[in-house]
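The values are calculated or read from the model by the stated rules, or taken from the named source; none is laboratory data. Note that this is a predicted model, so its numbers are computed, not measured. Cβ coordinates were reconstructed from backbone atoms using ideal geometry, including for glycine residues, and neighbour counts include every protein chain displayed. Each accessible area value is taken on the protein alone, full model and side chains, heavy atoms only, with ligands, DNA and RNA left out. Shrake-Rupley method; radii C 1.70, N 1.55, O 1.52, S 1.80 Å.
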Amino acid sequence: MNPQSVPSPLRVGLIGCGAISNAYFKGLAPFSRFAQIIACADLDAERAREKAAEHGVDKVYPVQELLGDPEVDAVLNLTVPKAHAEVNLAAVRAAKHVYCEKPFALTYREGLEVLKEAEERKLRVGCAPDTVLGGGIQTCRRLIDEGRIGRPVAATANMLCPGHESWHPNPGFYYQAGGGPMFDMGPYYLTSLVTLLGPVQSVSALAATTFQERLITSEPLRGKRIKVEIPTHLSGGLEFGQGVIGTVTMSFDVWAHHLPMLEIYGTEGSLQCPDPNMFGGEVRVWTTTKREWENVGLTHGDRIGRGVGLADMADALQTGRPHRASGELGLHVLEAMEAFHVSARTGRKIAMLSQCRRPEPLAAGLPLGDLA
């Protein structure tokens, strides 16, 4: 699409008005000159009306009417994971750009179909998480690019918890296809690793389903049992370019641990990264020159929130540059997550089919609301 033909700000139609939508309304507010939500749709019409009223959105209508509205330039897809690919594809076929919550789809094949259709129609596709654009991971990216820890040789990423049935009001979907620790939390960690180290080349993994049922202890479904349909503990190895090896563990079966969330190890030091599910956090580095851990001040802002990836896509449409939270990146991470399950099931090492560019870093010191 010719950058001059793209409206500014990008006019966005929101599909899926669940709880996460509030974070997008809030996160997009500082970037309103790039993108604005002008319409809401949801399978639950009342929920769409309530969300629109809460955030001052005038247009509320069924999904098909939103897709047919010529004043909507892009779709923000915040539906449940099993609907992501279907809604993404419908948006593209309606000549809309689309930005999707993670995961990009449930299977690599579904996601690839979306990207192929978008490419044919010269449309942009983006995918969460955009937490990698926050001050925490961007500071780590800068330190790696500057050579603070030398050449990266290894990495570890770990998300271990006892599951979500103790706090989530309706946790059943976490234990169905498209859920589990890898598809739920894996996108934050794997997207961070690709942002820091580049694309994945192969995956080898093991997996287990520790409990066949889960007991909900949160309200309003306290006492109900959930049938577990997917692995709830996965551990494996990733091969990146330049010989870098990563180890990853994602689990809903662990009560407590001392494992680091995300660390990168280099020839001249180690880098402790903050929680990949957040936009800020503490960054620490150990180098062979100082031989002790030291805190590093953030070089990038941490006051941004969900939706910055959509704003970046809107700005990229105007300027013609690649956007950072791209569909290609989302598909690559999706393939890696699917490869964990396939490798564990078959006992084989899985060579990755997809490739993606390592996203360009943001400029340091940008004021809130600016992108570059």
Among (1) assigned to a loop (DSSP other than H, G, I, E, B); (2) under 19 Å from Leu193 (Cβ atoms), the one test that Gly330 misses: (1)
Considering only the range 231-265, state which residues are modelled with pLDDT under 95 and at negative phi. Gly241
So for the range 196-204 (the condition being part of a helix (DSSP H, G or I), surrounded by 15 or more Cβ atoms within 10 Å (Cβ to Cβ) and of a type in the set (A, V, I, L, M)), does at least one residue qualify? yes
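Could you count how many residues in the range 31-88 are on the phi < 0 side of the Ramachandran plot and in a loop (DSSP other than H, G, I, E, B)?
So the first thing to find is which residues in the range 31-88 are on the phi < 0 side of the Ramachandran plot, and the list is 31-55, 57-88.
If we keep only those that are in a loop (DSSP other than H, G, I, E, B) as well, we get 32-34, 42-44, 57-58, 61-62, 69-73, 78-80.
Counting residues in the range 31-88 that are on the phi < 0 side of the Ramachandran plot and in a loop (DSSP other than H, G, I, E, B) gives 18.
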Here the qualifying pairs (Cβ atoms under 7 Å; residues six or more apart or on different chains; first in the range 342-364 and touching a residue at least 40 places away in the same chain (Cβ under 8 Å) and within 11 Å of His332 (Cα to Cα); second open to solvent by 70 Å² or more (accessible area, probe 1.4 Å) and not in a loop (DSSP other than H, G, I, E, B)) come out as Met352/Gln201; Cys356/Glu328
Looking at the range 269-284, I want the residues that are within 14 Å of Gln138 (Cβ to Cβ) and have a partner that is of a type in the set (D, E, K, R) and not in a strand (DSSP E or B) with Cβ atoms under 6 Å, at least 6 apart or on another chain. Which pairs are those? Pro274/Glu282; Phe279/Asp302; Gly280/Asp302; Gly281/Asp275
Can you name every one of the strands (runs of 3 or more DSSP E) wholly within the range 227-301 that holds 1 or more residues which are open to solvent by 60 Å² or more (accessible area, probe 1.4 Å) and touching a strand residue (DSSP E or B) at 6+ places or on another chain (Cβ under 6 Å)? 233-240, 245-251, 262-266, 283-287, 294-296
In the range 173-192, which residues are surrounded by fewer than 24 Cβ atoms within 10 Å (Cβ to Cβ) and part of a loop (DSSP other than H, G, I, E, B)? Gln176, Ala177, Gly178
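Return the total of residues in the range 299-336 being polar (S, T, N, Q) and either under 21 Å from Gly186 (Cβ atoms) or under 13 Å from the mean Cα position of the chain (by Cα) (or both).
The total comes to 1.
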On the basis of being over 23 Å from Gly266 (Cβ atoms) and either free of Cβ contacts under 8 Å to residues at least 40 places away in the same chain or among the acidic types (Asp, Glu) (or both), does Glu219 make the cut? yes
When residues of the range 355-369 are limited to those that are open to solvent by 60 Å² or more (accessible area, probe 1.4 Å) and over 21 Å from Glu146 (Cα atoms), the one modelled with the lowest pLDDT: Gln355
